[in-house]
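Colleague: The structure that follows is given in the form of C-alpha cells.
The values are calculated or read from the model by the stated rules, or taken from the named source; none is laboratory data. All values reported here derive from a predicted model rather than from experimental measurement. Reconstructed Cβ throughout: ideal geometry from the backbone, glycine too, with neighbour counts over all protein chains shown. These area figures cover heavy atoms from the full protein model, side chains too; ligands, DNA and RNA do not enter into them. Shrake-Rupley method; radii C 1.70, N 1.55, O 1.52, S 1.80 Å.
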Amino acid sequence: MTPAPDPVADPADVERAIARVLAAERVAQQAIDDAEARAAVSTETARAVAREVAARVERRLKRVRAAFERRTAAEVAALDRKAADADVHRELAAADVARVDAAVAALAVRLTRSGA
C-alpha cells in the first residue's frame, strides 16, 4: 500500500512557496536577458574594433606599397640613366684601334696554329 501524502498544514504556505519560485524565475530570466544584452553589446564592440584594425592595416599597406613603388621607380630611373649613359658612342683613338687589331691578330694566330 502506498503511503498517503503529507497533509499541508496551511495552503497559504504552498501559495507563498509558489510565489517565491515564480519570483526567482523572473529574477533569473531578467539576469539572462541582461547577460544576453551585454553579450550583444560586447560582440558589436569587438566587431567595430576588428573593422578599425582592418582599416588601419589597409591604410598602412597602402602607404608601404606607395613607398615601395616610389623607391622602385627611382631605382629604375637611375638604371635607365646609367643605360643611356652607356649607350653613348665613343670614338676610339688610333692607338686603341691598333691595340684591338693586334689582339685580334694574336687570337687568330693562336686559334689557327696547328695542334691548338
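Colleague: Please find, among 112, 72, the residue that is polar (S, T, N, Q), open to solvent by less than 100 Å² (accessible area, probe 1.4 Å) and without any contact (Cβ under 8 Å) to a residue 24 or more places away in the chain. Walk me through how you get there before you give the answer.
Modeller: On the way: 112 fails: open to solvent by less than 100 Å² (accessible area, probe 1.4 Å).
None of the others qualify; the one that does is 72.
Colleague: What single numbered condition from (1) surrounded by 10 or more Cβ atoms within 10 Å (Cβ to Cβ); (2) assigned to a helix (DSSP H, G or I) fails to hold for residue 92?
Modeller: Going through the list (1) surrounded by 10 or more Cβ atoms within 10 Å (Cβ to Cβ); (2) assigned to a helix (DSSP H, G or I), residue 92 breaks only (2).
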